[in-house]
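Step one of this worksheet: look at the structure below.
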Amino acid sequence: MPKYHSPDPIALDRGFQALADATRRGVIAQLSLGEASIAELAGPYDMALPSFLQHVRVLESAGLVSTRKEGRVRRCRLETARLAELDAWITRYQQAWAARLDRLGDFLDATDTKGNPT
């Protein structure tokens with residue numbers, strides 16, 4: 001098994017804190033379909049544009065979203081590399097727990113076949 005390289009803990013904290021909010025998760029979901037303007041992203045949410053922009057800034061500071069200006073329109077895109085880091089962190093622990101549960105299942109199966117009560 002290759003050695004696991006843990007991402008920067010501050011980057012992990014920012015990423016998970018950014019994803020802790022339903023509005024920001026919704027923005028990530030929208031951007032998973034492709035780039036969008038701030039106005040397009042803000043459309044489904046019942047909040048003032050400055051409040052919505054705060055959510056975008058949190059996502060941007062976490063490295064999950066990047067923005068660029070095209071004329072008078074600010075466009076956003078998903079930064080998949082940071083999402084991949086968060087996913088890798090979760091997957092590492094998910095795999096560890098799955099392996100533990102598999103070993104427990106093997107132990108229980110072995111105990112059961114010996115006629116011992118489970």
## Note on the structure
Residue by residue through the range 12-17, the couplings from Karplus 6.51 cos²θ - 1.76 cosθ + 1.60 with θ = phi - 60°, in Hz, x for Gly and Pro, are 4, 4, 4, x, 5, 5
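From the C-alpha gyration tensor of the range 9-113, pull out the three semi-axes of the equivalent ellipsoid (sqrt of 5λ each), sorted largest to smallest, in whole Å. Show your work: numbers first, answer last.
Details: eigenvalues 311, 35, 27 Å².
In descending order the semi-axes read 39, 13, 12 Å.
Taking neighbour Cβ counts within 10 Å as the exposure measure, how do THR67, THR111, THR23 sort from fewest upward? Each step should come with its number before you reach the end.
On the way: THR67 16, THR111 12, THR23 19.
In order of increasing Cβ crowding within 10 Å: THR111, THR67, THR23.
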### Summary
When VAL58, VAL27, VAL65, VAL73 are arranged by how many other beta-carbons sit within 10 Å of their Cβ, fewest first, they go VAL73, VAL58, VAL65, VAL27
### Task
Have a look at LEU86, LEU12, SER51 and report the one farthest towards the positive end of the charge dipole of the range 9-113, computed about the Cα centre with Cβ charges (Lys/Arg +1, Asp/Glu -1).
SER51
### Task
For the range 52-62, just list the computed ³J(HN,Hα) in residue order, Karplus coefficients 6.51, -1.76 and 1.60, θ = phi - 60°, integers in Hz, with x standing in for Gly and Pro.
5, 4, 4, 5, 5, 5, 4, 4, 5, 5, 7
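Throughout, read-outs are computed from the coordinates displayed, never taken from laboratory work. Not measured: the values here are computed from a predicted model. Positions of Cβ are generated from backbone atoms using ideal geometry, with glycine treated the same way; all protein chains shown enter the neighbour counts.
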